1. Among the candidates Leu4, Leu85, which residue alone is surrounded by 16 or more Cβ atoms within 10 Å (Cβ to Cβ), at pLDDT below 95 and touching a strand residue (DSSP E or B) at 6+ places or on another chain (Cβ under 9 Å)?
2. Would you pick out the residues in the stretch 19-51 that are of a type in the set (D, E, K, R), closer than 15 Å to Leu3 by Cα and loosely packed, with under 15 Cβ neighbours inside 10 Å?
3. Working only within the stretch 6-32, note down all residues that are of a type outside the set (A, V, I, L, M), touching a Lys or Arg at 6+ places or on another chain (Cβ under 9 Å) and over 13 Å from Glu65 (Cβ atoms).
4. State all residues of the stretch 12-39 that are hydroxyl-bearing (Ser, Thr, Tyr) and out of contact with any Phe, Trp or Tyr (no Cβ under 9 Å at 6 or more places or on another chain); if no residue qualifies, say none.
5. Within the stretch 20-33, track down each residue that is touching a strand residue (DSSP E or B) at 6+ places or on another chain (Cβ under 8 Å) and in a helix (DSSP H, G or I).
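The values are calculated or read from the model by the stated rules, or taken from the named source; none is laboratory data. Quantities reported herein were computed from a predicted structural model and do not represent experimental measurements. Neighbour counts are summed over all protein chains in view; Cβ atoms, including those assigned to glycine, are modelled from backbone coordinates with ideal geometry.
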Amino acid sequence: MLLLPATLTVAEASDTLRMLQQGLRDQQGETLVVDAGALKRFDSSALAVLVECHRLARAWGKRFEVRHLPPKLRDLAGLYGVAALLPDGRSPASQSGVA
């Protein structure tokens, strides 16, 4: 499982994405998991990073999960229409591999 930092804004997005890409390559199993529990300060760049992780997971033939996504970030994902790309592992879509 990969961990997001406490702050993920436009200033940290490139470095965070680079770190996550390396970690995703090394993560074993059929599901790539990112834990957002530490995330306290963020902007829409956090969504861009997570959506890119989702894209990479799908390109590698894997499922993607985001655990402990802050409610405000989930709301923002809904506003932008990308909430379905950030399954939490409890929804039927993420369990069936559809995202």
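1. After applying the criteria, what remains is Leu85.
2. First, pick out the residues of the stretch 19-51 that are of a type in the set (D, E, K, R): 25-26, 30, 35, 40-41, 43.
Pick out the ones that are also closer than 15 Å to Leu3 by Cα and you get 25-26, 35, 40-41.
Listed by number, the residues that qualify are Arg25, Asp26, Lys40, Arg41.
3. Passing the criteria: Thr7, Thr9.
4. Ser14, Thr16
5. Filtering the stretch 20-33 for residues touching a strand residue (DSSP E or B) at 6+ places or on another chain (Cβ under 8 Å) gives 20, 23-24, 27, 30-33.
Those that are touching a strand residue (DSSP E or B) at 6+ places or on another chain (Cβ under 8 Å) and in a helix (DSSP H, G or I): Leu20, Gly23, Leu24.
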